[in-house]
Amino acid sequence: MLTLVSLAVVLGGLVAFAVFSPVLALQTIVVQGQSLTTADEIDAALEPLTGTSLTRISREDVLELLADKAPIEDVRIAAEPPSTLVVTLEERKPVAVVREGSEFVLIDSAGQHLAGVADREDVELPLIDGGTDAADSAMFSAITEVLAELPDPVLFRLTSASAGSVDSIKLSLDGDRTIFWGSSERSGEKALVVEAMLAMPAGDQPVKEFDVSTPDRPVTR
């Protein structure tokens, strides 16, 4: 019995050492996966954790401190004893740009503002008509739903996206060409059709419009 008691005391001491020992206190944060945020921003936000034992820092603690960083959807953390925490960010994917006054803002498929754009010409994403005032409309949601389905090689070739109604979504391509999408229904199929059509060799007659509103019977004009 004495041996068991002694063992329990030793184990309790080891646990207490792991949890409270200054040897495992956080000193360095390594940030990975950022593109819409910076390592300096994350370091500043996580500064309150400095000095905390690595064994006491949870993913939830990190997420709570980063809650005001709109681009961040989730994080993964890994402790590297004795004093380093690796934070890998999972950022929301921007699908379009909207105008906010005289500036531009990146948005995700849910219409959430992710980051300001210093130069619109540097961003290979479509501009959604209507600006931020349109973000709560059904048409806006339908457009972003479509953009979220597009593979990056197609998405990055778009210059703008608009809709007269939820059934008449139109995407503008480089080279003054358009894609008539129709509604957001069957967007996954339409995205595959558009990607295949854009990969086809150019014919003698330039195509100005790709109509995939009925993906089983796409039309070019």
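The values are calculated or read from the model by the stated rules, or taken from the named source; none is laboratory data. These figures come from a predicted structure and were not determined experimentally. In this analysis, Cβ positions are derived from the backbone assuming ideal geometry, glycine residues included, and neighbour counts consider all displayed protein chains. To get the accessible areas, we keep the full protein, side chains included, count just its heavy atoms, and leave off ligands, DNA and RNA. Shrake-Rupley method; radii C 1.70, N 1.55, O 1.52, S 1.80 Å.
If only residues of the stretch 70-102 that are closer than 28 Å to S160 by Cβ and in contact with a Gly (Cβ under 6 Å, 6 or more places away or on another chain) are counted, the one that is surrounded by the most Cβ atoms within 10 Å (Cβ to Cβ) is V98. Sort out for me the strands (runs of 3 or more DSSP E) sitting completely within the stretch 93-179 that have 3 or more residues that are aromatic (F, W, Y). Where strands (runs of 3 or more DSSP E) fall fully within the stretch 93-179, none carries at least 3 residues being aromatic (F, W, Y). Scanning the stretch 112-161 for residues that are surrounded by fewer than 18 Cβ atoms within 10 Å (Cβ to Cβ) and of a type in the set (S, T, Y) yields T132, S137, S141, T159, S160.
Here is the figure for the stretch 123-182: residues that are more than 22 Å from the chain's Cα centre (by Cα), of a type in the set (D, E, K, R) and more than 21 Å from P206 (Cβ to Cβ) total 1.
Those residues that are aromatic (F, W, Y) and open to solvent by 30 Å² or more (accessible area, probe 1.4 Å), I need them from the stretch 162-198; list them, please. If the condition is that a residue be aromatic (F, W, Y) and open to solvent by 30 Å² or more (accessible area, probe 1.4 Å), then F180 is the only one that fits.
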